[in-house]
Amino acid sequence: MKRYLTTACTAIVLAGLCCLAMAQPQVPAPSQVTMADDGEDDEGSVAVITWQPPAETEVGDYELAGYEVYVRQVPRDFEQIALIPGAAANQVSATGLAPWRRYHARVNSLYVAIKPRTVRAGLGQLSVPIVRIRRSVAAMSAEPMSPVGKWYEPRHNTVLVLVLVYSAIVLLTIYFAQRRDMYIRPIAGLEAVDEAIGRATEMGQPILYITGLSGVSDIATIAAMLILGHLVKRTAAYETPIIVPCNDPIVMAVEREIVRDAYIEAGKPQNYDPDNIFYITDSQFGYVAAVDGIMLREKPAANFYMGGFYAESLILAETGSATGAIQIAGTDSDTQLPFFITACDYTLMGEELYAASAYLSRSPLLLAQLKGQDIGKVVIIALLLAGAAAATIAALMPDAPPAQVLERFISWFTLGE
Amino acid sequence: MPEAQQGTELVFLGLTFNPEVLGLWLQAVLTFAIFSFLWGDNRVYKFAEHVFVGISAGYGAVIVWQQAVLLLLVFKLWPQLSAKADVTADHWVIIPGILGLLMLTRFMPKYDWLSRYPIAFTVGLYAGTGIPRIVPAYLLRQMGATMKPLVPGADVGWWVAVSSLVVLVGVICTLTYFYFSRPHEGALGVSSKIGIWFLMVAFGAGFGNTVMARISLLIGRVEFLLYDWLPVWWPGAGL
C-alpha cells in the first residue's frame, strides 16, 4: 500500500512540474527572416540573412540576449553558422556557400534569465551560477534563395588593363619581328645543352629529364615541357634515349604527346618509346626515392631538372652530382634555386627558364614574345620609378592636392587594398 | 595475415606481437634502410625504396578513388549509393566525368586522339584561371610594395627610407639581369651585375634558412630513434 502511495505521489509531482513548464509563456521568435545575395562582386559564395527582432525584449524574468542562425542547402539539414549576441542585431553574412544552389535560413531568438540561479556543489559547497536559456521557435525564410556568381569582378580592372596592354606589346613585337633578326643574349645553362647531349651520346647513356612536381597548372611545368620537346628534337638524330619519370599523370600524358610529336618532326618516329615516359607516384618523397634509384642504376650521363620544385630539389641534385652526370637545372621556385646553384653545373634562374624555349628553337615567333616580355620589363621599371617618386612626393607634401592623385596611382597597383 | 587477434596483441604463426612495438621496429628498420644510402646504393635501400614507392602509389590510388571518383563523381550521379543521407545529386559532374573517361582512351591506340581534349581543357583552364590569380599576387602587389617613399618624411623614418631605396634598386637591377634582347654591356651590364649580386644574397639567405629546416627534420628522425625506438629494446637506455 505504501509503495502504491509513493508511486502515485511521484506521478502527481511530475505531472505538476510538466504543467508548470507548459504554463510558462513561449518566448517570441524573430520575424521577416530573409536571405538574399550580398550584391557584392564575388563568386557567389556570400548571402546576407536579415530578420526583424521581436518587439518584446523581456518575457517574465528572461531578457533577449541574441540569435542562433542556421542555414541549409536544399535538401540537406540545417547547420548553425552563427551565434549573434545582442538584442538589436538583425543581420549576418553566410559565407562559403555554393553559387546557384538553393538555400534556406532559420533564426531562433535566445532569451537568458536576468537573475541566474546558483547551486551549491562540491566538498566546499561552492556556489555555481546556472545560466538559464530559453529558445524561441524557429523563424524561417519564406522562399529559398540562390547566391549569384558574378561573371566579371571590377576589382580586377587593373589586371585586365595590364594583360591587354602586355598582349598588345607582344603582338606588335611579333608583327615587327618578322621583318628583322632578333638578338638574344647568351644563357650559359642553355649553351650547355648541346654539351650535355653530346656527352650522353658519346657515353651511350640516357638523358634523365625531370619536369618537377608542380603539375600542369604551373607555368614552369609548361615551360619545362616545351624545353623537353626541343631537347628531344636534338637528341632524336643521335638516338639517345630520354627517360622522363613523372609524378603527375596529366603531365605524363602531355609529355608523351610532346615527345612523340618531337620525334615525328625530327623524322625519327621509330625512335619514340612511350615506356621511357612513365608515371611513378604523386607522393613527393616516394617519387624522389624512385628517381634517385633510376639515377644510380640507369646511370644517365645528363640530368635535366626543369620546372617547379620543392623540398626534393637538393636530394635529386645531390644524388645526380654523386653519379657524375652533367646537370642542368631550371626553376622559378626561388626557395629551391640556391640548392640547384650549389649542386648543378648550370642553373636557369626564374625567367631564364621561360626564355629557354625561344633560345633553343630560335623561332621568330618565340623570340618576338621574348622581346615583348623585355619591353614589358622596361614598362614595369618605368612604373616602379614613377610610383616611388609619387610616394616620395606624397610623403613630403601630404597635404598638397597632387598627393591624393599620387596615392590613387599607387593604390591602383595594389587593387585598392 | 594474423591468425588471431587477442586484445591488443597480434598472434602470428604462434608468436605474439605487440602492434605498437612492431610498428616502432618497422619504422626504425626502414629509417636505417633509407640512411644506408649514405654508404652507397645497396639491397636494403632498394627494398625500402620499393616499399616506399609502392605504398605511396597504392595509397595515392586509394585516395583518388575515395575522394575523387566516389565522392565527386559516383555519389553525385547516384546519391543512393552513398551511405550518407545528405548527399545530393549533381548531374553537372557528368561533364568532368566524360573528360576523365576520355583520358582512358590513351589505352586504345585507335582512339587515343580523344585524350587530347581533356588535356587541352586542363592546360587551357589552368592557364586562363592563373592570370587573375598570379598577376595580382606576383606582379601588382610586389610593385605596390616597391613604390615607397625614398626620403624620410612625416611618417617615414630614415631606416624605412633607406630600406625602400635598397629594395627599389635591387628590384630594378634584378629585372635588368633578365633582359634578354640586348647584350649586357655598358650601363645594362653594370646594372645586371648588381642584380645578380642581389639575387645571390637572397639565395644565400634562403639556403641557410632552408638548411635549418632540413636539419630540424633530421633531428625529428634522430629523436624518434633515441626516445621512441631505443627504449623498446634497451629499457635501461635512459634517454
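Does segment A:204-216 contain at least one residue that is in contact (Cβ under 8 Å) with a residue 12 or more places away in the chain, farther than 20 Å from A:Asn276 by Cα and within 14 Å of chain B (Cβ to nearest Cβ)? Yes, segment A:204-216 contains a residue that is in contact (Cβ under 8 Å) with a residue 12 or more places away in the chain, farther than 20 Å from A:Asn276 by Cα and within 14 Å of chain B (Cβ to nearest Cβ).
Would you be able to say whether some residue in segment A:398-406 is assigned to a helix (DSSP H, G or I), outside the structural domain of A:Pro300 (by TED's automatic domain parsing) and within 31 Å of the chain's Cα centre (by Cα)?
Of segment A:398-406, the ones assigned to a helix (DSSP H, G or I) are A:401-406.
Cutting the leftovers down to outside the structural domain of A:Pro300 (by TED's automatic domain parsing) gives us A:401-406.
Still in the list and also within 31 Å of the chain's Cα centre (by Cα): none.
No: zero hits.
Report whether or not A:Ser93 is within 28 Å of A:Thr50 (Cβ to Cβ) and touching a Gly at 6+ places or on another chain (Cβ under 9 Å). No; evaluated as a whole, the condition is false for this residue.
Taking segment A:72-129 as the region of interest, none of the strands (runs of 3 or more DSSP E) fully inside it holds 2 or more residues being without any contact (Cβ under 8 Å) to a residue 24 or more places away in the chain, within 14 Å of chain B (Cβ to nearest Cβ) and surrounded by 15 or more Cβ atoms within 10 Å (Cβ to Cβ).
Within segment A:244-254, the set of residues being within 11 Å of another protein chain (Cβ to nearest Cβ) and modelled with pLDDT of 95 or more comprises just one member, A:Pro245. Close contacts from segment A:364-381, counting a first residue that is more than 17 Å from A:Gly350 (Cβ to Cβ) and facing another protein chain (nearest Cβ under 9 Å) and a second that is of a type in the set (Val, Ile, Thr) and surrounded by fewer than 21 Cβ atoms within 10 Å (Cβ to Cβ), with Cβ to Cβ under 7 Å and a gap of 6+ residues or different chains, come to A:Leu367/A:Ile184; A:Ile375/A:Ile169. Taking the criterion of being farther than 14 Å from A:Tyr287 by Cα and within 13 Å of chain A (Cβ to nearest Cβ), would at least one residue in segment B:10-29 satisfy it? There is no residue in segment B:10-29 that is farther than 14 Å from A:Tyr287 by Cα and within 13 Å of chain A (Cβ to nearest Cβ).
Among the residues of segment B:143-183, those that are surrounded by 15 or more Cβ atoms within 10 Å (Cβ to Cβ) and of a type in the set (S, T, N, Q) comprise B:Thr146, B:Ser164, B:Thr174, B:Thr176, B:Ser181. Looking only at segment A:333-353, residues that are of a type in the set (D, E, K, R) and either under 18 Å from A:Gly293 (Cα atoms) or more than 10 Å from every other protein chain (Cβ to nearest Cβ) (or both) come to 1 in all.
Among B:Ala89, B:Ala48, which is the only one that is part of a loop (DSSP other than H, G, I, E, B) and over 24 Å from A:Arg256 (Cα atoms)?
On the way: B:Ala48 fails: part of a loop (DSSP other than H, G, I, E, B).
Every option except B:Ala89 fails the conditions.
Only a single criterion out of (1) farther than 16 Å from A:Leu360 by Cβ; (2) buried (at least 22 other Cβ atoms within 10 Å of the Cβ); (3) of a type in the set (A, V, I, L, M, F, W, C); (4) facing another protein chain (nearest Cβ under 10 Å) is not satisfied by A:Phe309, namely (4). Among the conditions (1) surrounded by 13 or more Cβ atoms within 10 Å (Cβ to Cβ); (2) facing chain A (nearest Cβ under 9 Å); (3) without any contact (Cβ under 8 Å) to a residue 12 or more places away in the chain, B:Ala85 misses just one, which is (1).
Quick grid of which residues meet (1) basic (Lys, Arg); (2) exposed (fewer than 12 other Cβ atoms within 10 Å of the Cβ):
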residue: B:Gln27; (1), (2): no, no
residue: B:Ser36; (1), (2): no, no
residue: B:Lys46; (1), (2): yes, no
residue: B:Val62; (1), (2): no, yes
residue: B:Val69; (1), (2): no, no
residue: B:Val74; (1), (2): no, no
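Residue-level check: of (1) out of contact with any helix residue (DSSP H, G or I) (no Cβ under 6 Å at 6 or more places or on another chain); (2) more than 11 Å from every other protein chain (Cβ to nearest Cβ); (3) of a type outside the set (S, T, N, Q), B:Val51 misses just (2).
Being surrounded by fewer than 18 Cβ atoms within 10 Å (Cβ to Cβ) and within 7 Å of another protein chain (Cβ to nearest Cβ) is the filter; apply it to segment B:131-142 and report the residue that is nearest to A:Ala391 (Cα to Cα). Break it down stepwise before answering.
Taking segment B:131-142 as the starting set, the residues that turn out to be surrounded by fewer than 18 Cβ atoms within 10 Å (Cβ to Cβ) are B:131-134, B:137-139, B:141-142.
Then keep just the ones that are within 7 Å of another protein chain (Cβ to nearest Cβ); that gives B:131-132, B:141.
Working: B:Ile131: 27, B:Pro132: 26, B:Arg141: 15 Å.
So, considering only residues that are surrounded by fewer than 18 Cβ atoms within 10 Å (Cβ to Cβ) and within 7 Å of another protein chain (Cβ to nearest Cβ), the one nearest to A:Ala391 (Cα to Cα) is B:Arg141.
Looking only at residues of segment A:159-197 that are surrounded by fewer than 17 Cβ atoms within 10 Å (Cβ to Cβ) and under 25 Å from A:Pro241 (Cβ atoms), we find that the one that is nearest to the other protein chains (Cβ to nearest Cβ) is A:Glu191. Whether any residue in segment A:212-228 is surrounded by fewer than 22 Cβ atoms within 10 Å (Cβ to Cβ), over 24 Å from A:Leu353 (Cα atoms) and small (Gly, Ala, Ser) is what I want to check. No; the residues of segment A:212-228 include none that is surrounded by fewer than 22 Cβ atoms within 10 Å (Cβ to Cβ), over 24 Å from A:Leu353 (Cα atoms) and small (Gly, Ala, Ser). For segment B:143-181, a tally of residues being closer than 30 Å to A:Pro186 by Cα and facing chain A (nearest Cβ under 7 Å) returns 10.
Conditions tested, residue by residue: (1) assigned to a helix (DSSP H, G or I); (2) at pLDDT 90 or above.
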site	(1), (2)
B:Val156	no, no
B:Trp159	yes, yes
B:Val162	yes, yes
B:Pro183	no, yes
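Looking at segment A:144-157, is at least one residue within 28 Å of the chain's Cα centre (by Cα), of a type in the set (A, V, I, L, M, F, W, C) and within 14 Å of chain B (Cβ to nearest Cβ)? Yes, the conditions are met somewhere in segment A:144-157.
Looking only at residues that are exposed (fewer than 12 other Cβ atoms within 10 Å of the Cβ) and of a type in the set (Gly, Ala, Ser) in segment B:193-235, which one is farthest from the other protein chains (Cβ to nearest Cβ)? Out of the qualifying residues, it is B:Gly220. So which residues in segment A:242-282 are without any contact (Cβ under 8 Å) to a residue 24 or more places away in the chain and small (Gly, Ala, Ser), if there are any at all? Passing the criteria: only A:Ala253.
The values are calculated or read from the model by the stated rules, or taken from the named source; none is laboratory data. Just so it is clear, the structure is predicted and the values come from calculations on it, not from any experiment. Heads up, the Cβs are rebuilt from the backbone with ideal geometry, glycines too, and the neighbour counts pull from every protein chain shown.
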